[in-house]
Structure formats: structure tokens, C-alpha cells
Amino acid sequence: PAPGGAGAAAAEPGRGGTAPSSGVVVQVREKKGPLRAAIPYMPFPVAVICLFLNTFVPGLGTFVSAFTVLCGARTDLPERHMCCVFWLNIAAALIQILTAIVMVGWIMSIFWGMDMVILASKYS
């Protein structure tokens, strides 16, 4: 066939043809900042309560979750001391409370609570 004809279209995956599988495995790893990595892996019911609290009182659920770190909850910051992770969670709660006036903190608080529930469901 002529260049650019039907034979060329069948070999290109972007044009509706089928390309042979190359066997390449792609792995995506999420890089978290220190505040987000400090979110504790809590039992599912506790995470749902924190989401509920964060939804109605921005930062309250995050504040409660900080104390679960002192009770032994695991985080994605295993190299940091427990007190440091506790204060990171307190800082996140304060940021949520102080910026709730302009709605940013309230939205951040809800997303933080959703992350708590997602981490709790992976932990269970």
C-alpha cells in the first residue's frame, strides 16, 4: 500500500488500529507534602466521625485526628517523631479554622476528612 494509506493507519494506535502490546508497566506514586502525609490511618468509624466533624466545623475533625497520632495511629511519616506528626496535624487544623472565613479552609477541611476515610478504608 501507499504511504499514509490503509496499511499505515492499521499500525498506528492513535488512528483506530491495534498496536502490539509492548509489555511496559507504568507505576504511579503520589508524592505527599508533610501536612498531607501526617494524616493518620485511623479505624474506619473514627475517620467517618472526623469527616462529619470537618464538614460542619472546619478543622475540628483534623484536630481530633491529631490525638489519634498520640494513641498510636500510623502515618506516612514513619521517620518523624510522634509529637512532630501531632503538631503537623494541629497546624493543619489551625490552617483550616483560620481560612474557613474565606471558604478555602472549609473546602480543605472536607477534603482532609475524605482523605481520612480513604486511608481508613485502605487500612482496614
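At a threshold of 8 angstrom on Cα-Cα distance, excluding pairs fewer than six apart, so keeping six or more, what relative contact order does region 41-123 reach in percent?
On the way: 120 pairs, mean separation 37.6, N = 83.
45 percent.
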- Item | Rounded accessible area per residue of region 41-123, 1.4 Å, Å² | 56
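The values are calculated or read from the model by the stated rules, or taken from the named source; none is laboratory data. Predicted model, so just to flag it, every value in this text is computed and none were measured. Surface accessibility is based on the protein's heavy atoms, side chains included, excluding ligands, DNA and RNA. Shrake-Rupley method; radii C 1.70, N 1.55, O 1.52, S 1.80 Å.
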